Amino acid sequence: MTNRELQERYRQKIEAALERVLTFPPLPQEEVFSAMRYSLTAGGKRLRPILTLAFCEACGGEVSHALPFAAAVDLIHCYSLIHDDLPCMDDDDLRRGKPSCHKKYGEAMALLAGDGLLTAAFHCISNAPRQYGTDPDAALRAVERLSHYAGVLGMIGGQVMDLAAENRTVDADWLRQMHEGKTSALIQAACELGVLAGGGDEHDLSAAADFGLHLGLAFQFIDDILDVTATEEQLGKPIGSDDRQHKTTCVTLYGLERARQLAAESTALALDALRHFGSPPFLCALTRQMLERDH
Ligand code: GRG
């Protein structure tokens, strides 16, 4: 099977797991389910849940054991994007080429849909021992790791630093810490949860966290670069939003050429971290693919 075919196979399994999370009988709360489904099925790359499945396999586990963890990570990712687009945050009207959740459902429903996805993520993991026969200790540890990385010391903390950086110039240390929180943290969670599902040990967790940190930084560098070099059609969201909000990015701080070098250096560090797992070809290819991405 080629790497592309394996990626597609992972994607289909993730979509099916998410579909199970989103299937509800007709209820008076239909509108919030509809808003959750709208954003969750809008066509994201599914990078994070794919990493969860791939790390599970890299640790010798079965992909089916990682599905509830992978779904949980993508539910949190989707909630963060809905909230990020709200007028009180980045105020973006377009996401993945479609009206953002609040544009379609209104602000209150978008806020609740994000909250609903966040809550569903932790239900998904804590219910996994009952629904999928997941090891309860692994599920408990997964809740701990995911809540750490998604919380104020991780993704939310990164967003707080992002808001505080609007309309002022921040230095390289600030930018790095902000990127680690906003972007690397959830990617680290995705990788660590794969290790937990695959029965990996503390050394595996630490190597997965190291990989996620560097892949996340490379991913964010490319995101900053695409914000000035890509088209709205490619990205499916407005371009130049960093500039409009007077945000410091790796492009404004270092220039395009150095930003590209930094992305390549972080990619190399991510590939180094994969050596702990015997450099699985799929994960190596995915890591390189993220450096070349155009959306
Ligand atoms: C916690 C209130 C609250 C909001 C969350 C953390 C956060 C706010 C927002 C982060 C949003 C953001 C733009 C993070 C940077 C990471 C990033 C580049 C996300 C886009 O990820 P992709 O490209 O998205 O994987 P797709 O659409 O492919 O799923």
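The values are calculated or read from the model by the stated rules, or taken from the named source; none is laboratory data. All values reported here derive from a predicted model rather than from experimental measurement. Note that we place each Cβ from the backbone using ideal geometry, even for glycine, and neighbour counts take in every protein chain shown.
Can you work out which of the residues in region 187-213 that are surrounded by fewer than 24 Cβ atoms within 10 Å (Cβ to Cβ) and farther than 17 Å from residue 137 by Cα is farthest from the ligand (Cβ to nearest atom)?
Out of the qualifying residues, it is 203.
Looking at region 41-60, which of its residues are under 19 Å from residue 198 (Cα atoms), within 16 Å of the ligand (Cβ to nearest atom) and either among the β-branched types (Val, Ile, Thr) or assigned to a loop (DSSP other than H, G, I, E, B) (or both)? Give the derivation first.
Here is the first cut: in region 41-60, the ones under 19 Å from residue 198 (Cα atoms) are 47-60.
Next, from what is left, pick out any that are within 16 Å of the ligand (Cβ to nearest atom): 47-54.
Within region 41-60, 50, 52 qualify.
Got a number for residues in region 24-40 being outside any helix (DSSP H, G or I) and at pLDDT 95 or above?
First, the residues of region 24-40 that are outside any helix (DSSP H, G or I): 24-29.
Then drop every residue that is not at pLDDT 95 or above, which leaves none.
The number of residues fulfilling the criteria is 0.
How many residues, within region 75-122, are surrounded by fewer than 17 Cβ atoms within 10 Å (Cβ to Cβ), more than 8 Å from the ligand (Cβ to nearest atom) and more than 17 Å from residue 29 (Cα to Cα)?
Number of matching residues: 9.
If you take the residues of region 256-282 that are within 16 Å of the ligand (Cβ to nearest atom) and among the hydrophobic types (A, V, I, L, M, F, W, C), which of them is surrounded by the most Cβ atoms within 10 Å (Cβ to Cβ)?
Of all residues in region 256-282, those within 16 Å of the ligand (Cβ to nearest atom) come to 259, 262-263, 266-267, 270.
Among the residues that remain, those that are also among the hydrophobic types (A, V, I, L, M, F, W, C) are: 259, 262-263, 270.
Working: 259: 20, 262: 21, 263: 22, 270: 27.
Within region 256-282, the match that is surrounded by the most Cβ atoms within 10 Å (Cβ to Cβ) is 270.
Which pairs have Cβ atoms under 9 Å, sit 6 or more apart or on different chains, and link a residue in region 238-266 that is among the basic types (Lys, Arg) to one that is surrounded by 14 or more Cβ atoms within 10 Å (Cβ to Cβ) and not in a helix (DSSP H, G or I)?
Hits for this filter: 244/238; 247/165; 247/170.
Restricting to region 246-282, count the residues that are among the charged types (D, E, K, R) and in a loop (DSSP other than H, G, I, E, B). Break it down into steps so the answer makes sense when it comes.
Step one: list which residues in region 246-282 are among the charged types (D, E, K, R), which gives 247, 257-258, 260, 265, 272, 275.
Cutting the leftovers down to in a loop (DSSP other than H, G, I, E, B) gives us 247.
The qualifying residues number 1.
From the list 113, 120, 142, 108, pick out the single residue that is over 23 Å from residue 44 (Cβ atoms), assigned to a helix (DSSP H, G or I) and at pLDDT 95 or above. Steps first, please.
On the way: 113 fails: over 23 Å from residue 44 (Cβ atoms); 120 fails: over 23 Å from residue 44 (Cβ atoms); 142 fails: over 23 Å from residue 44 (Cβ atoms).
Being over 23 Å from residue 44 (Cβ atoms), assigned to a helix (DSSP H, G or I) and at pLDDT 95 or above holds for just one of 113, 120, 142, 108, which is 108.
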